[in-house]
Amino acid sequence: MVMFPPKARRKQRRPRREQSSGMSEFTFDLEAVQRITTGAVGPRGQRVFYVQARRGPRLITMLAEKEQVRALADAINRLLDSLAEKNPRLSTSDDLFVADMSLEEPIEPEFRVAQMGLGYDADRDMVVLLVQGLPDNEEVEPMTARLSASRPQMRALSQHASHVVAAGRPICGNCGRPIDISGHFCPQRNGHGPVYSEQ
């Protein structure tokens, strides 16, 4: 299982906890999801990012940071490319999946993402995404989710996530910071930088 770390911790109200069926150790455990996507809501520079999955009537939405969505896209690509290198037959169907990747309403997050991890279930040929939420306090166990999806679904998620991240503010090529509409403080250019305007 490949884990990637969280961004800075933020406070959040306690989301409602759902009783998981069976003996699952996860707060939310969705096998073979029908949809899995990510998206952002809000204007550039103020976007709020989400990861969302559905199986049957159950829709799960989680708050995420932009860099977590970027890291998820990169991790999925690395995992799928690694699997294809080990078994070339696994690469033939990765890019054949077409789906509506928009977020579903209502967008009501269960928790804020602390960290995510990816794994591969070879017996079922499914990619597994594990998500751990930020705890409200040290006395409460963080909420968790386990989502499994097909390789084509995850490749589509990776491509869409990359597009979502890229749709934000442009990045300064000198200092690597985002460029605002009102201006940009660039240490590499004595405090000045390029300005862009939305078309």
Q: Return the total of residues in the stretch 1-51 being in a loop (DSSP other than H, G, I, E, B) and either modelled with pLDDT under 55 or not aromatic (Phe, Trp, Tyr) (or both).
A: 33
(Q) Here is a list: Arg112, Arg146, Arg169, Arg155. Which entry is outside any loop (DSSP other than H, G, I, E, B) and either at pLDDT below 95 or not assigned by TED's automatic domain parsing to the domain that holds Leu72 (or both)? (A) Arg155
Q: Would you mind finding the one in Asp100, Asp136 that is modelled with pLDDT under 95, within 16 Å of Gln52 (Cα to Cα), assigned by TED's automatic domain parsing to the domain that holds Gln34 and not aromatic (Phe, Trp, Tyr)?
A: Asp100
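The values are calculated or read from the model by the stated rules, or taken from the named source; none is laboratory data. Computed from a predicted structure; not experimentally measured.
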